[in-house]
Amino acid sequence: MFNFARSIVCSGLDEERRTQLLKQYEAKDNLAILGPPKLNKLLVPTLKASASIVKRDEYQAQSQAQVAASLNAFGSTISLLLGPEVRQLLAEETNPALRQLADGFHLLTDHQHRLSLARRAFIKPSFSLIGKNAAENAPVDEWLLGAHSPRI
């Protein structure tokens, strides 16, 4: 497994395979919250002044979409393994492996949150001082600056 992962880390997935996996595990409907937070509508006019900020945010959102697809794939697998039908078939020795899968899922979920904070940090310099303070305190939810963020 390590050699396989090392190969992908060094050269990336084949474009066709990545596209297939992203489509198969796309986080949509009730899983959309796992995906990249949307830019608050009030931010768009502010950010349009800097094409580089908008382009960087688009790339970061694509990265977050891939993390969301990974979370969907891992979460679905963990749920399947912990379901009563499958769980009763698994030997007791699989508990550490299930714990490790869950730990990896937690780490990847936290990484997704931190990617949202990084996106916010890249766009914050274009805000006014009041906007910067509001952005700092806004929660991340389906929107990058929270659903109820004040005007930036």
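Any read-out appearing in this document is the output of simple, stated calculations on the displayed coordinates, not a laboratory observation. Keep in mind that this is a model prediction, so the values were computed, not measured. All Cβ positions, even for glycine, are placed from backbone atoms using ideal geometry, and neighbour counts span all protein chains on display.
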Enumerate the lysines that K48 could reach by cross-link, defined here as Cα to Cα under 28 Å, with residues fewer than 8 away along the same chain left out. K28, K38, K124, K132
Which value, in debye to the nearest 20, describes the size of the charge dipole of the range 99-145 about its Cα centre when Lys and Arg Cβ atoms bear +1, Asp and Glu Cβ atoms bear -1, and nothing else is charged? 180 debye
Convert each backbone phi in the range 68-82 into a coupling constant with the Karplus relation 6.51 cos²θ - 1.76 cosθ + 1.60 (shift: θ = phi - 60°), then list the ³J(HN,Hα) values in order as whole Hz, x for Gly and Pro. 4, 5, 5, 4, 4, 5, 5, x, 4, 5, 4, 4, 4, 5, 8
Amide H contacts of W143 (H built 1.01 Å from N, under 5 Å, at least 5 apart or other chain): K38
For a Förster distance of 22 Å, can you work out the FRET efficiency between the beta-carbons of E92 and F2, rounded to the nearest 0.05? 0.25
Net charge dipole size for the chain [Lys, Arg +1 and Asp, Glu -1 on Cβ; Debye, nearest 20]: 800 debye
Gained length - L31 relative to L117, 0.36 nm times residue gap less alpha-carbon distance: 29.0 nm
Going by a ≥ b ≥ c, the root eigenvalues of the Cα gyration tensor, does the range 1-128 fall in the rounded group (a/c under 1.5), the prolate group (a/b larger than b/c) or the oblate group? prolate
From the backbone phi of the range 103-108, what are the Karplus-calculated ³J(HN,Hα) couplings (6.51 cos²θ - 1.76 cosθ + 1.60, θ = phi - 60°) in whole Hz, Gly and Pro given as x? 4, x, 4, 4, 5, 5
What number, rounded to the nearest 500 deg cm²/dmol, is the helix-based mean residue ellipticity at 222 nm of the chain, given -39500 (n - 2.57) per DSSP H run of at least four residues and division by all its residues? -21000 deg cm²/dmol
So what are the ³J(HN,Hα) numbers for the range 114-125, from phi and the Karplus equation (6.51, -1.76, 1.60; θ = phi - 60°), rounded to whole Hz, Gly and Pro as x? 5, 5, 5, 5, 5, 4, 4, 4, 6, 8, 4, x
